[in-house]
1. So is residue 47 surrounded by 10 or more Cβ atoms within 10 Å (Cβ to Cβ) and at pLDDT 75 or above or not?
2. So which residues in the range 56-76 are buried (at least 16 other Cβ atoms within 10 Å of the Cβ) and either modelled with pLDDT under 90 or part of a loop (DSSP other than H, G, I, E, B) (or both), if there are any at all?
3. Give me a count of the residues in the range 31-55 that are touching a strand residue (DSSP E or B) at 6+ places or on another chain (Cβ under 9 Å), free of Cβ contacts under 8 Å to residues at least 24 places away in the same chain and not in a loop (DSSP other than H, G, I, E, B).
Amino acid sequence: MLQPKPGSPTHVVKDGDGDKPYGDVSYADPRYQSDGQKRYPLDTEKHFRAAWSYINMPKNRVYSSEQLAAIKGRVKTAMKRLGIEAGGDEGKAAAASKAL
């Protein structure tokens, strides 16, 4: 039987702390939801952008305002480390205010 390659979406690392499908990386959601799963890995630009897009969709907001602020803060911090600008409504508002 073929094993998934490390780093692929189906590769799961077992470490005694639960399954980590992306290995030993930081997550924007460290287990806030009732299922205890970590969400929004912060290891690649693709993941930063996906997390930012997902968390800013009103239909996907299942977090308290404090949790949402913490998640957004973690994503923004991770993006800034790589010089990536956040998109979405908040990113547009920030860009517009800079232009004034």
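1. Judged against the criteria, residue 47 is a match.
2. 56, 63 - these are the residues of the range 56-76 that are buried (at least 16 other Cβ atoms within 10 Å of the Cβ) and either modelled with pLDDT under 90 or part of a loop (DSSP other than H, G, I, E, B) (or both).
3. 4
The values are calculated or read from the model by the stated rules, or taken from the named source; none is laboratory data. Keep in mind that what you see is a predicted model, and the values were worked out from it rather than measured. A quick note on method: Cβ atoms are made from the backbone with ideal geometry, for glycine too, and the neighbour counts reach across all protein chains shown.
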